[in-house]
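Report on the following structure.
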Amino acid sequence: MSCLTFRHQTSDIMAKRVTQIFTEEIAGPDPSAPTPEPRQTESQPLGTHKLTKGVKPRSQQDLSKNVLRDHGQDNRRGEGLAVHSLVIQRGCPWDTLKDLFTCDLAGPVSLAIHREDPRKVIAVRSFSRDKADIWLQVLRKTKHPNIISAREIFKDHGTTYFIVDDLPLTLEHVVACDIFPSELQLASILIQIAALEHCIERQPNQSQAKPLHALTNITTLLMQKYLKPDGVIGIDSTRWQSDPLGFLSATASVATIQDLRKHSLITKHRCAAGALVGLARLCLITTRTFILKPWS
């Protein structure tokens, strides 16, 4: 299953979660996946770009993570996405998993396989205590099909490990790709980002300036691959029609993200299931993912 992810770098509010935008139909659980061995557990009820064409400094690691998929209006959830109760297992996941390599996909993620049944790749994100507490808080409070959840959680010697879906693409891949998204593809991404507005923690009358500014930057990067200096909003290219340009302008003038959901770019296209499949495949082939720890 293809998926796009995005680490937000400009909004502290929107940065404290992992989100997903669907690119195709969601497959059901894999019946061949091995059953984990019982472990000592701690009950814990839970809800549910970093890519360029140059060299990436290894030291840049950010807690901000967002993950995206092209879901359309299909409310079915894939494996690991539904809100449910999980337990925190005491122990190290590497007792049963083999660590293959670590790469940068909206933050460091280790790709692994089960030692006894290596037919499926598993993604593992690990955090120190403070950062893990933020993740746990998000998982407890958030109930949304575009918010990724953890399949399993392990705690071992001050580190918390989250076993999550293997999502190989980020929105930074889309920005780094030489091909621009179509208007429909742009709308399919932005619709799902705007739909996350109610997941942001804030006071009822609190300004939405930060998330709106963040959405301005995301839209600009998707439309022309770079931001203008000094915070200037605009697109240099002539490739875009009036609706995308009007949406970008509206991100700087409306008071709320709810207002953006009424824009013609959003209402005209809605969210077409499968609209991002081809783009996701192209980005996977033509862009680079940075390896933080080589194959082991």
How many residues does region 202-228 contain that are over 24 Å from Arg239 (Cβ atoms) and in a loop (DSSP other than H, G, I, E, B)?
-> 7
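When you look at Gly231, is it in the same structural domain as Ile193 (by TED's automatic domain parsing) and on the phi > 0 side of the Ramachandran plot, yes or no? Break it down into steps so the answer makes sense when it comes.
Details: in the same structural domain as Ile193 (by TED's automatic domain parsing): yes; on the phi > 0 side of the Ramachandran plot: yes.
For Gly231, the condition - in the same structural domain as Ile193 (by TED's automatic domain parsing) and on the phi > 0 side of the Ramachandran plot - is met.
Just name the residue that is modelled with the highest pLDDT out of those in region 261-288 that are of a type in the set (Ser, Thr, Tyr) and farther than 16 Å from Leu105 by Cα. Step through it out loud before you land on a result.
Initial filter on region 261-288 (of a type in the set (Ser, Thr, Tyr)): 264, 267, 286-287.
Now drop any that are not farther than 16 Å from Leu105 by Cα, which leaves 264, 267.
Details: Ser264: 95, Thr267: 92.
If we take residues in region 261-288 being of a type in the set (Ser, Thr, Tyr) and farther than 16 Å from Leu105 by Cα, then Ser264 is modelled with the highest pLDDT.
The values are calculated or read from the model by the stated rules, or taken from the named source; none is laboratory data. In this text, all values refer to a predicted model and were calculated from it rather than measured experimentally. When we count neighbours, we look across all protein chains shown, and the Cβ atoms used for this are built from the backbone with ideal geometry, even at glycine.
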